[in-house]
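S.K.: Can you read through this structure? Questions will come right after.
The values are calculated or read from the model by the stated rules, or taken from the named source; none is laboratory data. Computed from a predicted model, the values in this text were never measured in an experiment. Each accessible area value is taken on the protein alone, full model and side chains, heavy atoms only, with ligands, DNA and RNA left out. Shrake-Rupley method; radii C 1.70, N 1.55, O 1.52, S 1.80 Å.
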Amino acid sequence: PGFHDQEEVGVHEVSDAAEARRVAALLCARDELIHACDTEVADLDLGRSPLGQGRVLCITVYSGPDLDVGSGPGKALFVDTTEPGVLEAFKPWLERESALKVWHNYGFDRHVLYNHGVDVVGFGGDTMHMARLWDASRLAGYSLAALTEELVGRANVSMKEIFGEPKLRKDGTPGKIIELPPLDSLQAPPLTRP
C-alpha cells in the first residue's frame, strides 16, 4: 500500500514541563532517527523578517513509525510551547547537533526559535529547498501543501478549512467570507487541541 493508503497518524500531546523533559530525553536517546519538525507562530508580521518577532505556539515532530514516547508507536508529537517550561525542556534536543531534524523552510523556524533563546542545530534537511533543487521552474510553487499533493498524492486541508469562521456582517449575521481566527485562540480550547 502507498503512503496515502495509510491510516492517519495519532498524536501524543506534550503540554507540561515534566512531560516535555521526559519526551525530550527519549528523543535525545534516538540519534539514529531523522525527525520531521514544524512550528506554528503568532504575533508575526509576514512582511518583515522573523528575526526579533513572533511567538512560537507549538512544535510538531514526527520521528517515524517505530518511536514510542509512551502512547504507542508512530505518534506525532504536539509540543505546546505556550505552557511554562515546555520549550526550555525541549531546548537540549533542539540544540543537539546529532539529532537530525528536517524542516520546511528551516530558516524561518530556526529564526523564530532563536527569538526564544533556542539555537536549533542538527540540520537534516529543508524540504522547501530540496524541492527548489529538484525543479527550479515549478509553476505550482514550493508550499508544503502543493508539494504534498503532487508528490504524496494527498491533498492538504488548510487551517482555514478546519478552523475558519464566517466573518460577521455589520448586522451581526454570518457572511460568506471565511476568516481564520488568531492561532493563539485556537491553541487553548479543548475542541481545537490534538
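S.K.: Quick one: order Glu13, Glu161 from most to least accessible surface, probe 1.4 Å.
M.R.: From most accessible down to least: Glu161, Glu13.
S.K.: Kindly count the pairs of lysines across the chain whose alpha carbons are less than 26 Å apart, treating pairs on different chains or eight or more residues apart as eligible. Don't skip to the answer; put the middle values down first.
M.R.: Numbers: Lys75/Lys91; Lys75/Lys101; Lys75/Lys160; Lys91/Lys101; Lys160/Lys170; Lys160/Lys176; Lys167/Lys176.
Count of close lysine pairs: 7.
S.K.: Averaging sequence separations of C-alpha pairs under 8 Å and six or more residues apart, then dividing by the length of the chain, give the relative contact order as a whole percent.
M.R.: 20 percent
S.K.: Using a 1.4 angstrom probe with every protein chain in place, what is the largest-first accessible-area order of Lys91, Lys170? List each step's numbers first, then the result.
M.R.: Details: Lys91 70, Lys170 215 Å².
Largest accessible area first, the list is Lys170, Lys91.
S.K.: Using a 1.4 Å probe on the protein heavy atoms, what percent of the accessible area of the chain belongs to carbon and sulfur?
M.R.: That share works out to 57 percent.
S.K.: Got a sec? What order do Tyr114, Tyr106, Tyr62 fall in by accessible area at 1.4 Å, biggest, i.e. largest, first?
M.R.: Tyr114, Tyr62, Tyr106
S.K.: Further question: Give me Rg over Rh for the chain, both radii from the alpha carbons and Rh done the Kirkwood way, two decimal places.
M.R.: With Rg and the Kirkwood Rh in hand, the quotient comes to 0.97.
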